[in-house]
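Note sheet for the following structure.
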Amino acid sequence: MWDEIDDVLLDMDGTLLDRHFDNYFFEEELPRRYAALHRLSFEEARNRLMAMYRSVEGELAWTDLHYWTGRVGLDVVALHRELDHLIDFLPDALPFLRALRRRGKRVTIVTNAHEAGVAVKVAKTGLDRHVDRIVNAFEVGCLKMRPEYWPACQQLVGFDPARSLYIDDDEGCLRAAHGFGVAYLYHRSKSSSQLAPEPSATFHSIEHFSTLTDI
């Protein structure tokens, strides 16, 4: 398989980095801070925020940290920095990135994350030192589950879909990549160190990257 691949496209959160940070931040810590600011119960604050998240799901605003700062009245970027001790690689991510380097593959992070969030996570993990490029959705102009994302991303990166491998924990993003013709698609079933794996019914799921490095 590897002889047929030039480019490896990797999601960031939930594929390389532990999604526990994002889950905790948006489902626990931000509702707690929002509740204190607006004198709400935790449950009411959480329900309000979940409704806000759903209202822009799939749009750039969904991951725009500056947008959420305006919506909730809290400095969301500063809170990311405050909690950066929770940001980390999934256990098998660094060995996989090193294996890709040894194979001479070009590695690009394609993430829906906002550039401010990417900056916090790169500062904490040094992720940028292990890849050739990080492309955030705001550079492309839409999120990865949109079909228009992939031709626009190809223009930026210059990958050949027929000779590319893409790994993501989001099935919607994988479906869009499949529609564009990306040849090798894998679903990352173990997105959080705190949750059980959730295999895909549609795509070939991997819990550990060693499944691929052994091929």
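The values are calculated or read from the model by the stated rules, or taken from the named source; none is laboratory data. It should be emphasised that the depicted structure is a prediction, and the values quoted were computed from it without experimental measurement. Every residue, glycine among them, receives a Cβ derived from its backbone with ideal geometry; neighbour counts consider all protein chains shown. Accessible surface areas use protein heavy atoms only, side chains included; no ligands, DNA or RNA. Shrake-Rupley method; radii C 1.70, N 1.55, O 1.52, S 1.80 Å.
Whenever you get a sec, compute what percent of the accessible area on region 77-215 sits on carbon and sulfur atoms (1.4 Å probe). Walk me through the numbers on the way to the answer.
On the way: 3020 of 6280 Å².
Summing carbon and sulfur atoms, their accessible area is 48 percent of the total for region 77-215.
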Rounded to the nearest 5, what % of the DSSP beta bridges within the chain are antiparallel ones?
5 percent
Tell me which residues come under 5 Å, amide H to amide H, from S205 once H is placed; ignore anything under 5 positions away on its chain.
H187, S200
Please report, in debye to the nearest 20, how large the charge dipole of region 18-119 is about its Cα centre when each Lys and Arg carries +1 at its beta carbon and each Asp and Glu carries -1 there.
520 debye
Sequence-distant residues sharing a close amide H with I87 (under 5 Å, placed H)
none
Value at 222 nm in deg cm²/dmol, rounded to 500, when DSSP H runs of n ≥ 4 in the chain each add -39,500 (n - 2.57):
-11500 deg cm²/dmol
With θ set to phi - 60°, apply the Karplus curve 6.51 cos²θ - 1.76 cosθ + 1.60 along region 196-212 and write out the HN-Hα couplings as whole Hz, x wherever there is a Gly or Pro.
6, x, 10, x, 8, 8, 10, 10, 5, 9, 10, 8, 10, 5, 4, 4, 8
Using Cα pairs under 8 angstrom and six or more residues apart, how large is the relative contact order of region 94-190, in percent?
21 percent
Students often get this wrong: which residues of region 175-200 have the backbone nitrogen under 17 Å from the point 7 angstrom along Cα-to-C-beta of Y24?
191-196
Can you work out the Karplus-derived ³J(HN,Hα) for every residue in region 5-21? Use 6.51 cos²θ - 1.76 cosθ + 1.60 with θ = phi - 60°, whole Hz, and x for glycine or proline.
10, 9, 10, 10, 9, 10, 5, 9, 6, x, 10, 9, 9, 5, 5, 3, 4
Using a Förster distance of 35 Å, how high is the FRET efficiency between D128 and E43, based on the Cβ-Cβ distance and rounded to 0.05?
0.35
Region 139-178, dipole about Cα centre (Lys/Arg Cβ +1, Asp/Glu Cβ -1), debye to the nearest 20:
140 debye
Taking a crude spin-label model, label points 7 Å out from Cα along the C-beta direction, the E139 to R101 distance in nm is 1.9 nm
Within-13-Å neighbourhood charge of V107 [Cβ basis; K, R +1; D, E -1]:
+3
Potential extension, A152-D75 segment - 0.36 nm per residue separation minus Cα distance
24.6 nm
Whole Å is fine, so just give me how far the alpha carbon centre of region 16-51 lies from that of region 181-215.
28 Å
